[in-house]
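Data block below; observations after.
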Amino acid sequence: MATLEAPPAPVPYPTAQAHFPVLRQSLLAEFSDCQLQAGFDLRMAIPKPGSQLLHTSGYTTHRQSAGRLIHSSIGRALRHMVEERMEGIAPETIIGFWEQEIRQAGVPVEETFALPAHEDAHARKTLRKWARDNRFTIADIYGIEERLTVPIHYPDGSGGFVRRLLTGQMDLLLLDSSGTHASVPDWKDTWKLPAKKGSDDDEDDLEGDDEDDALSAEGYFQQQFYALLIFLSPAFRAVQSVTLREFYVRRSQPREATLWRHELPRLISYFAARAEAFDRCYEAAVVTRRGRVGRRVLGTPAQWGEPSPGAHCSYSPGPM
């Protein structure tokens, strides 16, 4: 006699999981900071073929666009250093890489952007300074612009779990000779430094706090996320600690903080909750857009609004 099998439990938040099979560090960071801003960016997102619908904002500022090219130029410089077995690079050599990047050759026209002369001049100064200030042990360079992807799980409400993939790309991943410590440098192109622990500017300084508040708010999220990726990646099972090192290029000053493997359960719990919250909010926002009952979570179409020409267009580096 054939037995009747129970129908499979419905997948929670199917639209979110179909649209975002992989959740990117930048998307979760923005969502955690401001759900409405994340909703606007998703509304303006430009799908890229073969990108698995990874979040790509449809707009940037001139400074953000220049920052992208600066990081690409640094990536070129690092690969050149590895190929040539050099621990540093000449300022004029990295400027040569910058001049290749600003051509945006091979970039689809809808993704190119304008770069004002003052941003070009600023970027050249930044890159020359980066070349003068940074030296690396080539043997410690594990990956340049390394992307890691790992699974996490949250309860599905029916006794099972939802499997989600998280991904992030690191400008540079360093692994010491013992294989037990990883370091992720992150270059910041800004004048403002985060408050030092115990300073007058550090309003949240509490006795017994750990060292993580040495980082900027953005760096704190990156540190947690990158540590999760490294600790969960099979290639790094021996890694016991991960340091994020923010380097403020304009001031030649570093800030860094370290996480240890024993903190992994906390990281898994936090980011699983963030993934579930994103899925739930995105699903509710889609339902709202379809005219059904929904909550104001990522915002309604009226809140997001449609692009309209105006004086604000002068801030956009995108093509007309």
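Yes/no per residue for (1) in contact with a Phe, Trp or Tyr (Cβ under 8 Å, 6 or more places away or on another chain); (2) open to solvent by 40 Å² or more (accessible area, probe 1.4 Å):
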residue	(1), (2)
A105	no, yes
V109	no, yes
F113	no, no
K125	no, yes
R128	no, yes
N134	yes, no
note = Filtering the stretch 73-90 for residues that are buried (at least 17 other Cβ atoms within 10 Å of the Cβ) and within 24 Å of E119 (Cβ to Cβ) leaves a count of 6
request  = Go through the stretch 233-245 and give me each residue that's of a type outside the set (F, W, Y) and buried (at least 19 other Cβ atoms within 10 Å of the Cβ).
outcome  = V239, V242, L244, R245
request  = Look through D209, D204, D171, D213 and report the one residue that is of a type in the set (D, E, K, R), modelled with pLDDT under 80 and closer than 20 Å to Q25 by Cα.
outcome  = D213
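Which of the following residues is among the aliphatic types (A, V, I, L, M) and at pLDDT below 80: V242, V293?
The unique qualifying residue is V293.
The values are calculated or read from the model by the stated rules, or taken from the named source; none is laboratory data. Just so it is clear, the structure is predicted and the values come from calculations on it, not from any experiment. Virtual Cβ from ideal backbone geometry, glycine too; neighbours counted across all protein chains shown. Quick note on the areas: whole protein, heavy atoms, side chains included, nothing else; ligands and nucleic acids left out. Shrake-Rupley method; radii C 1.70, N 1.55, O 1.52, S 1.80 Å.
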